[in-house]
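Worksheet for the structure shown next.
Just so it is clear, none of the values below were taken in a lab; they were calculated from the coordinates. Just so you know, these numbers come straight off a predicted model, no measurement behind them. All Cβ positions, even for glycine, are placed from backbone atoms using ideal geometry, and neighbour counts span all protein chains on display.
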Amino acid sequence: MIVNKTYLNLLEAIETKNAVLGVAGLGYVGLPLAVEMVKQGFKVVGIDPDLGKIDKLSRSESYIHDISDETLAEVAASGRFKATADYSVLAELDAISICVPTPLSENQDPDTSYIVMAVDQIKKYMRKGLLITLESTTYPGTTEELIQRELEKLGYKAGEDFFLCFSPERVDPSNPRFNTFNTPKVIGGTTEACLNLGKSLYSKYVQTVVPVTSPKVAEMSKLLENTFRSVNIAFINEMAMMCDRMGIDIWEVIDAAKTKPFGFMPFYPGPGIGGHCIPLDPMYLSWKAKGFRFYSQFIELAQSTNDNMPYYVVNKTSKILNEYAKSIKKSKILILGMAYKPDISDLRESPGLEVYELFKESGAYVDYYDPFAASFRAASGSAVHSIGYDAEILRGYDCIVLITNHSSLKYEEIAGLGVPILDTRNAFRNFAREHIYKLGHSVQHVDEPDAAALIV
Ligand code: SAJ
């Protein structure tokens, strides 16, 4: 591997922790990363265009669940952290990690505009010797196409004048066990020199660094991780609808199957998939593959199966109400839990939002209760607020649909109200009652006489 002075100077700065590190994007990925860098002794500059974030950070006020105000105060007291919206600080940086959002556009295509905006700023203040690492989840080829090509157009050469890596973020918000430091980090470099510098830097604040041979391998590994989840969740959702049709309890089936100590990994059916990763990442992969005339049927089928689940939930609610000679129209329905997964407030892509809209479209009077998510904006643009929890108020609903199984919900009390419940997470498994129905199990007729009574 041929190395030049630029490489050697940067390696020395990293090894002695004199390198000044930048983090572009101070969200649920970037802020914990910046905190970890400061903890390990580096001087860090956080860059984010959101002045509200910059202001809160200046007051050590955290907006990220996994980072406490106390941690931010310690970071501030170290004197090694500052936050700014101004990319001109790039002049003082030796390395920058790009942790910006990669959403989908309206028609489910990748929206790499945040990456492009960050790269445009880097181009504006580009300096020789910079180590750039993209962390945002994106399609294979992004690092090369949107960063390497753009900087080489300015006359800089990757591996000599600047160094470029891709290292997928693996932040699992609210995960009590895994964090930025102890989650293994895959990293791929544009050249061997790039990879060496990337490994050297990341190993200073991540316990295990996993080098791979190129940014594309690193980009693809992240998409494999999350597409694996999307496809398996879709598969178990299909199995749930099959079991419903066949009058078999999918939840009991899964519990039985997972006793197999090898060759099986349980996934659980639900009302659909939410979050900032699983609903989006696979679409980055299928979009890119189409450019190679490769059409991933698994990804498309998984997306449509998962997207169909809110409709299945509304359909099943209709069947349940029918058992009580009621229709969805004009029924009072309470959605229990709106966040996309338990014990967090994040509503992004939450299937509960879709279920809410579908109930509204069907003419139901629909409310929701979520102890973590106080309000959201409906498709109509109006703000919708969670009701307060009051057992007597819950008793007044025609049906309760549990979408998110927050651990703090009073399951026994709610089960005892006698209000028909559609449980999409098997959260009431310990409180089985005739009026509690499950996603993935058939609706038992409430007025059928007991089969035993028919024996004469
Ligand atoms: N879901 C199901 N059934 C399942 C698992 C999940 O319906 O068996 C639903 C959830 O309710 C949620 C959605 O899918 O609505 C996504 O759930 P998730 O558990 O995948 O949670 P995320 O979106 O927070 O995914 C993150 C990802 N982390 C990163 O991308 C760094 C994912 O790779 C992790 O595997 C996941 O956390 C995790 O395991 O917690």
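Quick look at the numbers
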quantity	calculated
Amide H contacts of E169 (H built 1.01 Å from N, under 5 Å, at least 5 apart or other chain)	T137
K290, K17 arranged by Cβ crowding within 10 Å, fewest neighbours leading	K290, K17
DSSP loop GluC sites (Glu not before Pro) with at most 10 other Cβ within 10 Å excluded, longest remaining stretch of the chain	107-433
Given charges at Cβ of Lys, Arg, Asp, Glu: the chain dipole, positive-most of F162, H441, H276	F162
Of K222/K290; K410/K438; K82/K128; K43/K128; K5/K53; K43/K216, pairs whose Cα-Cα distance is over 28 Å	K5/K53; K43/K216
Note, ³J(HN,Hα) from phi for region 47-59, Karplus 6.51, -1.76, 1.60, rounded to Hz, x at Gly and Pro	10, 8, x, 7, 5, x, 5, 4, 5, 5, 5, 5, 9
Karplus-derived 3J(HN,Hα), 6.51/-1.76/1.60, for each residue of region 423-431, Hz, glycine and proline x	9, 8, 10, 6, 6, 9, 4, 8, 10
T142, T404 arranged by Cβ crowding within 10 Å, fewest neighbours leading	T142, T404
Positive minus negative residues near K53 (Lys, Arg vs Asp, Glu; Cβ under 12 Å)	-2
Highest to lowest packing among 227-233, 395-401, scored as the average C-beta count within 10 Å	395-401, 227-233
Folded to 0 to 90 degrees: helix 5-15 orientation relative to the chain principal axis, Cα	50 degrees
Rounded to whole Hz, the Karplus (6.51, -1.76, 1.60) HN-Hα couplings of region 334-339, x for glycine and proline	10, 8, 9, x, 10, 4
